[in-house]
Amino acid sequence: RLAEESYVDSLGAFGVDVDRDAADKGREGRGFDDVHPSAALAWHGLASLHLKMGEFERALHEGERCLHLVRVVLMRTENDEVNGLRVTARECVGDAHLGLGRHDAAAEMFKEGLREFKSGRCDSGPLVEARLLRKLGRSSLKSGRTDEARNHLEESLRILQSDKHSARAGLELPRALSDVAEVHLRRGDASSAVKTLRGAITRYVDLGCTERDSDMARARSLFKEAQLGPPTASLLTGKSSASPLSAGNITHETPRGSAADRPR
């Protein structure tokens, strides 16, 4: 809780009572913090921390406060630190919506983040774009839009598996593969799901993940579901798709990265 106390103290310097602000949903106490870049960074830090703790309602409120400040500050002046939050603040709010099961709201935030990324107004790299695309694909899948999810994940994988970025993809690559496998499952292609999940699990092991890690646990659960799945038309006919998502087109370079990367 030391990190949480540090962010709370930072906001307290601007006269913000974080607990009261959360109870009031930000309706009161908006003063000097509205124009101070450090307050935006503190709200983002709190939101990110509570996302990791699974406190999604708090993270949503804090992420929205951060996004509000980003908009206000950048309307008044250019600030490099706040400019960098154009994408990550929206991603943070989207993650909170996703954690709360509000998949359509999450998708809208990830789309906004992608628009900000493509505007060129903030210094975010291609791996950030790939992560947003993966999360947009995941929220689309949870909303039942399987084809849309497939398209977003396909685009994410193209970035993550490129020669330029695969070595730095870290946990994003196996996470994307797990999401792709879930798409295969929902489309009835258990065989491709199994092959894709083998690649995902191998990468998790290479990155030092254990059976206790939530990412690995999800991949294992999907793997068991795929193994129990009924035969599909593609298995019966022997035909396979030429899509970049099909198992035969998934490369197997081992990415290097830290298992401490941001939560999925």
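The values are calculated or read from the model by the stated rules, or taken from the named source; none is laboratory data. Please read all numbers here as calculations on a predicted model, not as lab measurements. Surface areas here come from the heavy atoms of the whole protein model, side chains and all, with no ligands, DNA or RNA. Shrake-Rupley method; radii C 1.70, N 1.55, O 1.52, S 1.80 Å.
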Give a residue-ordered list of calculated ³J(HN,Hα) values for the range 124-136 (Karplus: 6.51 cos²θ - 1.76 cosθ + 1.60, θ = phi - 60°; whole Hz; x for Gly, Pro). 10, x, x, 5, 5, 4, 4, 5, 5, 5, 5, 5, 5
Could you calculate the contour length gain from V72 to L228, that is, 0.36 nm times the residue separation minus the distance between their Cα atoms, to one decimal place in nm? 50.9 nm
Just how many % of Cα pairs in the range 81-195 lie over 16 Å apart, if you round to the nearest whole percent? 59 percent
Karplus (6.51, -1.76, 1.60) ³J(HN,Hα), θ = phi - 60°, over the range 196-212, in Hz, Gly and Pro reported as x: 5, 5, 4, x, 5, 5, 4, 5, 4, 4, 4, 8, x, 6, 10, 5, 7
Residue by residue through the range 159-172, what is 3J(HN,Hα) from phi via Karplus (6.51 cos²θ - 1.76 cosθ + 1.60, θ = phi - 60°)? Round to whole Hz and write x for glycine and proline. 6, 5, 9, 5, 4, 6, 10, 4, 5, 10, 6, x, 6, 4
For F223, F110, give me the order by solvent-accessible area with a 1.4 Å probe, most accessible first, ignoring ligands, DNA and RNA. F223, F110
Report the relative contact order of the range 119-219, percent, no decimals, based on alpha-carbon pairs under 8 angstrom and at least 6 residues apart. 21 percent
